[in-house]
1. So, in the range 180-197, exactly how many residues are part of a loop (DSSP other than H, G, I, E, B) and out of contact with any Asp or Glu (no Cβ under 8 Å at 6 or more places or on another chain)?
2. If you go through the range 200-237 one residue at a time, how many are in a helix (DSSP H, G or I), closer than 14 Å to G10 by Cβ and either aliphatic (A, V, I, L, M) or modelled with pLDDT of 95 or more (or both)?
3. Checking M72 against (1) within 16 Å of the ligand (Cβ to nearest atom); (2) touching a residue at least 12 places away in the same chain (Cβ under 8 Å), which single condition isn't satisfied?
4. Applying the selection to the range 405-414, what residues are loosely packed, with under 15 Cβ neighbours inside 10 Å and assigned to a helix (DSSP H, G or I)?
5. Can you list residue pairs whose Cβ atoms sit under 9 Å apart, with the first residue in the range 106-127 being on the phi > 0 side of the Ramachandran plot and the second being in a helix (DSSP H, G or I) and surrounded by 17 or more Cβ atoms within 10 Å (Cβ to Cβ)? Count only pairs 6 or more apart in sequence or on different chains.
6. Being in contact (Cβ under 8 Å) with a residue 24 or more places away in the chain and either of a type in the set (S, T, Y) or surrounded by 22 or more Cβ atoms within 10 Å (Cβ to Cβ) (or both) is the filter here, so list the residues in the range 244-259 that pass it.
7. So if I check each of V354, V402, V375, which one is crowded, with 16+ Cβ neighbours inside 10 Å and not in a helix (DSSP H, G or I)?
8. Is at least one residue of the range 190-207 in contact with a Lys or Arg (Cβ under 8 Å, 6 or more places away or on another chain), of a type in the set (A, V, I, L, M) and buried (at least 22 other Cβ atoms within 10 Å of the Cβ)?
Amino acid sequence: MPDVFADLVGQDDAVDTLRRAAASAAAVLRAAHLPAPSATADPDDDLAALAEADEGAAAGGTATAVDPGAGMTHAWIFTGPPGSGRSVAARAFAAALQCVHGTGCGVCPGCHTTLAGTHADVRLVAPEGLSIGVGEMRALVLRAASTPSGGRWQVVIIEDADRLTEAAGNALLKAVEEPPPRTVFLLCAPSTHPEDVSVTIRSRCRVVPLRQPSAVAVADVLVRRDGIAPDVAQWAAAAAQGHVGRARRLARDPEARQRRDAVLAVPRRLTGVGTALDAASALIEAAEAEAAASVAESDAAERAALQTALGAGGTGRGAAGATRGSAGQLKDLEKRQKSRATRAQRDALDRALVDLAGFYRDALTSALRAPVAPVHTDTATLAEAGGQKWAPEGALRRLEAVLECRAAIEANVKPRIAVEAMMLSLWRG
Ligand SMILES: [Zn+2]
């Protein structure tokens with residue numbers, strides 16, 4: 001029977017960790033003679049039981065000290081690229097914690113209400129518009145400190161922990177540093193890079209990294225969950241190189257397919273310095289356009305929402321102070337939107353580079369006559385021709401040029417400079 005972890009595509013390690021933690025959490029509750037509503041248990045007992053459960057799990061695992069993969073803890077970070085299923089993982093784990101069987105059976109009221117978003121002890125923060133501000137976070141932390149009404153855990157899921165304002169991050173840090181005995185924080189972020197999650201919060205959390213799932217696993221979920229035709233699902237899963245959301249977009253969105261086609265046309269257009277620089281410009285501009293389209297709608301909606309909020313009742317007492325404050329809030333919003341646009345551009349460019357790397361990877365495996373399926377079935381013939389012309393060494397140099405470009409952009413090299421350098425390397429070979 002599919003349990004709450006069934007939709008976590010190709011994440012066996014993470015699922016193992018979460019199952020062990022859920023079992024350990026259930027043991028803590030049993031040790032405290034629960035579930036029972038409005039428990040009178042001493043908080044220190046719970047913490048002691050938690051430590052004991054950790055030790056017990058560690059003793060059953062590796063022989064060295066404490067096994068960090070076992071047991072339960074109060075704060076978790078789920079990391080992985082967008083679309084890898086980090087919020088799916090957080091929700092599944094929350095359900096397992098609220099499961100009356102302590103396993104995440106998927107059918108009991110605890111599992112069911114958590115997955116449906118109606119469990120009284122599970123709070124989800126998913127900033128639709130503005131980032132998560134300090135007021136919201138303080139209120140959340142306060143509510144999260146109350147005794148769980150269902151007698152199990154208070155669970156707080158923060159879907160975009162990378163969008164906490166600094167003040168909100170500090171409010172969260174206080175709660176994570178001195179956690180209420182029955183409160184569990186589940187954070188989701190692209191990575192544990194300090195730009196995404198502050199170092200101090202990171203140091204208090206256990207990290208669950210989500211891997212890139214296999215193409216077979218992705219195709220399977222596209223068919224099963226999204227009703228996509230099997231042949232389209234297989235093509236999209238392979239072309240997306242295991243990225244669930246990307247595969248779904250490719251299967252459904254003609255514009256995403258066009259952008260990919262344009263990227264995969266790059267290798268045969270590189271005939272000289274001029275065309276290489278042109279190709280670099282085209283790639284950068286396509287990423288900018290894609291990013292602008294992806295954030296335009298939410299930017300406008302956020303601005304309108306903030307203006308409505310600020311415009312309400314502007315003549316009463318303290319209106320002058322409110323106006324001063326509102327200029328600051330608008331400025332804040334613009335700053336956040338700008339950083340989100342930059343991030344969206346980088347994401348779009350990175351997707352293009354991943355597609356391009358797939359092409360040269362196909363050329364390399366073809367030159368080596370490796371018995372593996374191509375990433376891009378629709379350009380396989382072209383990649384094969386490239387592989388013959390360049391030999392394995394030439395194909396590998398080109399693949400490395402693309403990967404170096406990705407690494408350079410990650411390390412904050414200006415995208416245009418990194419992409420121009422890559423295109424020239426790809427042309428020279
Ligand atoms: Zn259950």
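1. 5
2. Matching residues across the range 200-237 total 8.
3. (1)
4. Once the filter is applied, which keeps residues that are loosely packed, with under 15 Cβ neighbours inside 10 Å and assigned to a helix (DSSP H, G or I), the range 405-414 yields A407, E410.
5. Listed by first residue and then by second, the contacts come to G106/A95; G106/H112; G106/L115; G117/R91.
6. Of everything in the range 244-259, those that are in contact (Cβ under 8 Å) with a residue 24 or more places away in the chain and either of a type in the set (S, T, Y) or surrounded by 22 or more Cβ atoms within 10 Å (Cβ to Cβ) (or both) turn out to be V244, R246, A247, R248, A251.
7. Details: V354 fails: not in a helix (DSSP H, G or I); V402 fails: not in a helix (DSSP H, G or I).
Just a single option satisfies the conditions, and that option is V375.
8. no
The values are calculated or read from the model by the stated rules, or taken from the named source; none is laboratory data. None of these values were measured; they are calculated from a predicted model. Glycine gets a Cβ as well: all are built from the backbone with ideal geometry, and neighbour counts include every protein chain shown.
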